[in-house]
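J.: Following this message is one structure expressed as structure tokens.
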Amino acid sequence: MAPPPADDGETAPTLTVQPVDGLTEIAREDWDRLANPPDLEFDPFLSWDFLQALEASGCVGEGTGWMQRHLIARDRAGQLVGAVPLYVKSHSMGEYVFDHAWADAYERAGGQYYPKLLTAVPFSPVTGRRILADSAELRRALALAACDITTRWGASGWHVNFPDAAGLAELHEIGLLPRADRQYIWSNRNYGSYDDFLADLASRKRKALRKERAAARDGIEIEHLTGDQLRPEHWDVFYACYQETGSRKWGYPYLNRAFFDLLHQRLADRVLLVMAKKDGRYIAAALNLIGSHALYGRYWGKLTDHPFLHFELCYHQAIDAAIALGLERVEAGAQGEHKLARGYRPSQVHSAHFITNEGFRQAVDQYLDQERAAVRTEIRLQDEESPFRKDLTP
């Protein structure tokens, strides 16, 4: 089903809310004023540069199952005062909030789960703001407009992936169903070095990580590249690594080379590429994005095997970089219980869901109650098994 045209809007006396066909219809400075105001934490994934690069490169759009239909709100003077990243989805791939079982159940009952509407950063399981406006009143109006559009467009639901805690509370207040999951996040306790971090771990764990890092770096040269240090040959290697990992894990990589070229052109200063070289040749790479408070680990790949290199490039080197940059945390992406042993602690992440069919909504609500309890239990049990000293306050 094709999404409705972008001229389908709703006008109130002081506020006009309507969808647009893409970010080229919105001035970069106007979007970024809402997405990354100076008084809030900078989120590179919400920036016009990042989201529009996905559109310009064709990673989202026609034929991808991610059709952008961002909601925007303008005041009476025509100024952009609110926005919601919004996609019409014809599948559930690339979201990292898994609702395939919901889709199966809905369609077995005779419904049509797709299309659905999704507010998220495509292919990026990072927590952040999702309803972009500077007042709770405006955010509520935009969220209600998204619910209304979901119903009018005949979609099965509107899903908001990885909202921050404040955003989740606002969405829950208007009736969206909260869902919980967990990720593994490293927190910087004002460490001056990696050794300071190791001092917070139990002795046996410290020894294990030192041994692991020594093996990973045996015969390996590691480089941290950002900004003007990045060259086309670095991206050539990284993209080959990314394709190798993508073909093994997903069946195909979601992002194309054109996207990474745009990322380099627009956000090179926000990119940290960690690369491993052996015998004078690059053999592996890990891509991170730099926020004002967090380092976000995104993609990794290798061209040849080397013991523990994945852990070194993606987790240990990320900790080194976060300490050097004075960042509060490392968010290393979805899943991966192996992160626990490397000092990444389990933390709740969330999504919120508006389901148009009342009977299905009630069934999902009951399921989510049980799932949230299970997630809380899993986090508690995993935290009890963390490598940190037992006398250390979390």
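J.: If the Cβ limit is 8 Å and pairs must be 6+ apart or interchain, which residue in segment 187-198 that is free of Cβ contacts under 8 Å to residues at least 24 places away in the same chain pairs with which residue that is open to solvent by 30 Å² or more (accessible area, probe 1.4 Å)?
T.: LEU198/ARG206; LEU198/ARG210
J.: Which one is modelled with the lowest pLDDT among residues in segment 343-394 that are acidic (Asp, Glu) and within 27 Å of SER124 (Cα to Cα)?
T.: That would be ASP383.
J.: Shifting gears a bit: Quick check: is even one residue across segment 241-249 at pLDDT 95 or above, open to solvent by 20 Å² or more (accessible area, probe 1.4 Å) and part of a helix (DSSP H, G or I)?
T.: no
J.: Next question. Does any residue of segment 136-147 turn out to be in contact with a strand residue (DSSP E or B) (Cβ under 8 Å, 6 or more places away or on another chain) and closer than 26 Å to GLY297 by Cα?
T.: no
J.: When the residues of segment 292-345 are filtered to those that are open to solvent by 40 Å² or more (accessible area, probe 1.4 Å) and among the polar types (S, T, N, Q), which remaining residue is nearest to the chain's Cα centre (by Cα)?
T.: Going through the qualifying residues, I end up with GLN335.
J.: Now for a different question. For ILE323, work out the one condition from (1) under 20 Å from ASP195 (Cα atoms); (2) not in a helix (DSSP H, G or I) it doesn't fulfil.
T.: Tallying (1) under 20 Å from ASP195 (Cα atoms); (2) not in a helix (DSSP H, G or I), ILE323 fails exactly one: (2).
J.: Only one of ARG179, ARG189 is charged (D, E, K, R), open to solvent by less than 30 Å² (accessible area, probe 1.4 Å) and not in a helix (DSSP H, G or I). Can you tell me which? Full working, then the answer.
T.: Numbers: ARG189 fails: open to solvent by less than 30 Å² (accessible area, probe 1.4 Å).
Only one candidate passes the filter, namely ARG179.
J.: Do we have ILE220 as surrounded by 17 or more Cβ atoms within 10 Å (Cβ to Cβ) and over 29 Å from the mean Cα position of the chain (by Cα) here? Let's see the steps before the verdict.
T.: Details: surrounded by 17 or more Cβ atoms within 10 Å (Cβ to Cβ): yes; over 29 Å from the mean Cα position of the chain (by Cα): yes.
Criteria met by ILE220.
J.: Which residues, counting only those in segment 364-394, are touching a Phe, Trp or Tyr at 6+ places or on another chain (Cβ under 9 Å) and aliphatic (A, V, I, L, M)?
T.: Hit for segment 364-394 is VAL364, nothing else.
J.: What residue, of GLU221, GLU244, is of a type outside the set (A, V, I, L, M, F, W, C), within 16 Å of GLY301 (Cβ to Cβ) and touching a strand residue (DSSP E or B) at 6+ places or on another chain (Cβ under 9 Å)?
T.: Values: GLU221 fails: within 16 Å of GLY301 (Cβ to Cβ).
Within the list GLU221, GLU244, the selection yields GLU244.
J.: Right, next: Please find, within segment 279-291, the residue that is most open to solvent (accessible area, probe 1.4 Å) out of those that are small (Gly, Ala, Ser) and more than 22 Å from the chain's Cα centre (by Cα).
T.: Of segment 279-291, the ones small (Gly, Ala, Ser) are 280, 284-286, 291.
Right, trim to more than 22 Å from the chain's Cα centre (by Cα) and you get 280, 284.
Details: GLY280: 67, ALA284: 0 Å².
This residue is GLY280.
J.: Something else: Here are some residues: GLY154, GLY167. Which one is surrounded by fewer than 18 Cβ atoms within 10 Å (Cβ to Cβ) and more than 20 Å from LEU272 (Cβ to Cβ)? Working first, answer last.
T.: Working: GLY167 fails: surrounded by fewer than 18 Cβ atoms within 10 Å (Cβ to Cβ).
Just a single option satisfies the conditions, and that option is GLY154.
J.: Still on this model: Listed residues PRO253, PRO307; which is assigned to a loop (DSSP other than H, G, I, E, B), over 21 Å from TYR96 (Cα atoms) and not β-branched (Val, Ile, Thr)?
T.: On the way: PRO253 fails: over 21 Å from TYR96 (Cα atoms).
Step by step, each of PRO253, PRO307 is checked, and only PRO307 is assigned to a loop (DSSP other than H, G, I, E, B), over 21 Å from TYR96 (Cα atoms) and not β-branched (Val, Ile, Thr).
J.: Residues that are over 24 Å from SER135 (Cα atoms), open to solvent by less than 10 Å² (accessible area, probe 1.4 Å) and touching a strand residue (DSSP E or B) at 6+ places or on another chain (Cβ under 9 Å): does segment 36-48 have at least one? Working first, answer last.
T.: In the first step, residues of segment 36-48 are kept if they are over 24 Å from SER135 (Cα atoms); the result is none.
The answer is no; no qualifying residue exists.
J.: Could you list, in sequence order, all residues of segment 206-217 that are surrounded by fewer than 12 Cβ atoms within 10 Å (Cβ to Cβ) and not aliphatic (A, V, I, L, M)? Step through it out loud before you land on a result.
T.: From segment 206-217, those surrounded by fewer than 12 Cβ atoms within 10 Å (Cβ to Cβ) are 211, 214; that's our starting set.
Answer for segment 206-217, where residues must be surrounded by fewer than 12 Cβ atoms within 10 Å (Cβ to Cβ) and not aliphatic (A, V, I, L, M): just LYS211.
J.: Would you tally the residues in segment 76-117 being open to solvent by less than 20 Å² (accessible area, probe 1.4 Å) and either over 19 Å from GLU358 (Cα atoms) or basic (Lys, Arg) (or both)?
T.: 14
J.: What's the number of the only condition in (1) in a helix (DSSP H, G or I); (2) open to solvent by less than 30 Å² (accessible area, probe 1.4 Å); (3) of a type outside the set (Asp, Glu); (4) in contact with an Asp or Glu (Cβ under 9 Å, 6 or more places away or on another chain) that HIS159 fails to meet?
T.: (1)
J.: Between ALA332, ALA294, ALA341, ALA324, which is under 27 Å from TYR242 (Cα atoms) and touching a Cys at 6+ places or on another chain (Cβ under 8 Å)?
T.: The match here is ALA332.
J.: For the structure I just gave you, tell me whether ARG140 is modelled with pLDDT of 95 or more and either touching a helix residue (DSSP H, G or I) at 6+ places or on another chain (Cβ under 6 Å) or loosely packed, with under 14 Cβ neighbours inside 10 Å (or both).
T.: Details: modelled with pLDDT of 95 or more: yes; either touching a helix residue (DSSP H, G or I) at 6+ places or on another chain (Cβ under 6 Å) or loosely packed, with under 14 Cβ neighbours inside 10 Å (or both): no.
Here the answer is no, as ARG140 does not meet what is asked.
J.: Could you grab me the full set of residues in segment 50-68 that are acidic (Asp, Glu) and surrounded by fewer than 19 Cβ atoms within 10 Å (Cβ to Cβ)? Steps first, please.
T.: Filtering segment 50-68 down to residues acidic (Asp, Glu) leaves 55, 62.
Residue satisfying the conditions is GLU62 alone.
The values are calculated or read from the model by the stated rules, or taken from the named source; none is laboratory data. Not measured: the values here are computed from a predicted model. All Cβ positions, glycine included, derive from the backbone under ideal geometry; neighbour counts span all protein chains shown. Ligands, DNA and RNA are excluded from the accessible area calculation, which covers all protein heavy atoms including side chains. Shrake-Rupley method; radii C 1.70, N 1.55, O 1.52, S 1.80 Å.
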